[in-house]
Amino acid sequence: MCDAMNWLQHDSIPDTLYLRKLIVQAYASVLNKCPEPLDTAVSVCISNSLSRLLTQALPTEHFPKFVASWLTTCLHSLIAHPGPSRLTLINQHLSSVLIRPIEMCASQSQQFETVATPILTTVVICLLDCLPELCNPILPGQPASEFCHWQTTSVYKQKVYQLVASPLATQVDVLHRLISITEVNRKSVEDLRDAYLIAFLRLCILLPTELLTTNLKDLVRHSMLAVTSSSDFVAQSAGLRLFCALTDSLSADMLTNRLSIADADDLFVALPRLEQTARPVEIKHPADGCLSEATQSSAMTTALVRLSIARCLTSMVHLPAEVTGRHRNREVLPILQRLIDDPNRAVRLEAVRAQNAWLLRT
């Protein structure tokens, strides 16, 4: 399997999705069947392969994508099958590929421009983008399936949060602090923070409700960070989606206790900007009447953001009157008036529901 990774670094090997899929499935099948503790040769092979990512230039464009799938496959197997040797490998994976470079930046912020190599900015972000697959539904034939000898326990998603999501949140905090003291290349630091933040939020939205409520304080804080502090639309929308998921599972009293007045004010102020970015655009239909996949995906993404905004406002009507009173006419009702005329039916229905709640609020 590791030889296959080396082969894919050379242009002589065709970049085919089918080839990469076969390699990943074969690797998963072998790793899933390895007994605990893992053989020393297996552990060394996995560790060396991932450590190479940050020390060796990768000449081909498709190699990082292959490694992203490979990393997810490894983490799937290592988390699902308990054992100290697997836990050690997980810590090595995350520290060598996703965490150690950021710790270097935090300790020497003035040298960030030399640390932020193309490997750090491209490969690490590519790997982060793949991590939420750890909690996606498992389909037949995927590396995490019975086809590849996959076995798991009822606490799998809890371990995903502890071993993967929690370290990601830590790196978000490190990078967010670093932004305030970085004089050079601040945009690169912000991009990395947003990449870690998106991976964390997208991973958490797939976790069970009972696990979300257990870690409520950190989840609310990071969702607020995404919506109010990030300029990245993907991060903002991911933060809003997670916040809506949290409010759906909370009572009004719990939401009030967990959301400070300052955070609530910042959220109310941020929503109009996000709504403006997510407004529907007029789509000119081609002659054949078929929209491109990219156009349809973009329209669906922005519609989901507008739906999340309406859901968020429905929940926030229960905040203290001192907060809702100063934002009701300035931000809330103008947003809802626009969403009531939205081309998406689900958005219209939720906007009407939210508007009724706000109009009835005395």
Quiz prompt | Matching residues, the stretch 137-165, being in contact (Cβ under 8 Å) with a residue 12 or more places away in the chain and assigned to a helix (DSSP H, G or I) | solution = PHE147, CYS148, TYR156, LYS157, GLN158, LYS159, VAL160, TYR161, LEU163, VAL164, ALA165
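Residue-by-condition table, conditions (1) within 30 Å of the chain's Cα centre (by Cα); (2) at pLDDT below 85; (3) of a type in the set (D, E, K, R):
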site: THR302; (1), (2), (3): yes, no, no
site: ARG311; (1), (2), (3): yes, no, yes
site: ASN329; (1), (2), (3): no, no, no
site: LEU336; (1), (2), (3): yes, no, no
site: ARG348; (1), (2), (3): yes, no, yes
site: ASN356; (1), (2), (3): no, no, no
site: LEU359; (1), (2), (3): no, no, no
Exercise. Would you check which residues across the stretch 199-232 are farther than 27 Å from ILE261 by Cβ and either among the acidic types (Asp, Glu) or assigned to a helix (DSSP H, G or I) (or both) and list them?
Key: ALA199, ARG202, LEU203, GLU210, LEU211
Quiz item: Can GLN171 be described as closer than 16 Å to LEU31 by Cβ and either at pLDDT 75 or above or in contact with a His (Cβ under 9 Å, 6 or more places away or on another chain) (or both)?
Solution: no
Quiz item: Restricting attention to the stretch 171-192, which residues are in contact (Cβ under 8 Å) with a residue 24 or more places away in the chain and closer than 20 Å to PRO132 by Cβ?
Solution: GLN171, VAL172, LEU175, ASP191, LEU192
Quiz item: How many of the residues making up the stretch 139-169 are buried (at least 16 other Cβ atoms within 10 Å of the Cβ) and of a type in the set (Val, Ile, Thr)?
Solution: 3
Quiz item: Which helices (runs of 4 or more DSSP H) does the stretch 1-106 wholly contain that include 2 or more residues that are at pLDDT 75 or above and exposed (fewer than 15 other Cβ atoms within 10 Å of the Cβ)?
Solution: 17-33, 40-51, 84-93
Exercise. Please enumerate the residues belonging to the stretch 181-216 that are closer than 22 Å to LYS157 by Cβ and either hydroxyl-bearing (Ser, Thr, Tyr) or in contact with a Gly (Cβ under 7 Å, 6 or more places away or on another chain) (or both).
Key: TYR196, LEU201, THR209, THR213, THR214
Quiz item: Taking into account only those residues within the stretch 295-320 that are farther than 25 Å from ASP253 by Cα and of a type in the set (Ser, Thr, Tyr), which is surrounded by the fewest Cβ atoms within 10 Å (Cβ to Cβ)?
Solution: SER297
Quiz item: Can you tell me which residue in the stretch 234-255 is modelled with the lowest pLDDT, limited to those that are within 14 Å of VAL317 (Cα to Cα) and surrounded by fewer than 18 Cβ atoms within 10 Å (Cβ to Cβ)?
Solution: ALA252
Quiz prompt | Candidate set from the stretch 321-361 (those that are without any contact (Cβ under 8 Å) to a residue 12 or more places away in the chain and of a type in the set (S, T, N, Q)); member that is surrounded by the fewest Cβ atoms within 10 Å (Cβ to Cβ) | solution = ASN329
Exercise. For the stretch 328-345, enumerate the residues that are in contact with a Lys or Arg (Cβ under 9 Å, 6 or more places away or on another chain) and either in a helix (DSSP H, G or I) or on the phi > 0 side of the Ramachandran plot (or both).
Key: ARG328, ARG338, LEU339, ILE340
Practice problem: Output the residues belonging to the stretch 207-217 that are closer than 26 Å to ARG177 by Cβ and buried (at least 16 other Cβ atoms within 10 Å of the Cβ). | Solution: LEU207, LEU212, ASN215, LEU216
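The values are calculated or read from the model by the stated rules, or taken from the named source; none is laboratory data. All values reported here derive from a predicted model rather than from experimental measurement. Note: ideal-geometry Cβ built from the backbone for every residue, glycine included; neighbour counts use all protein chains shown.
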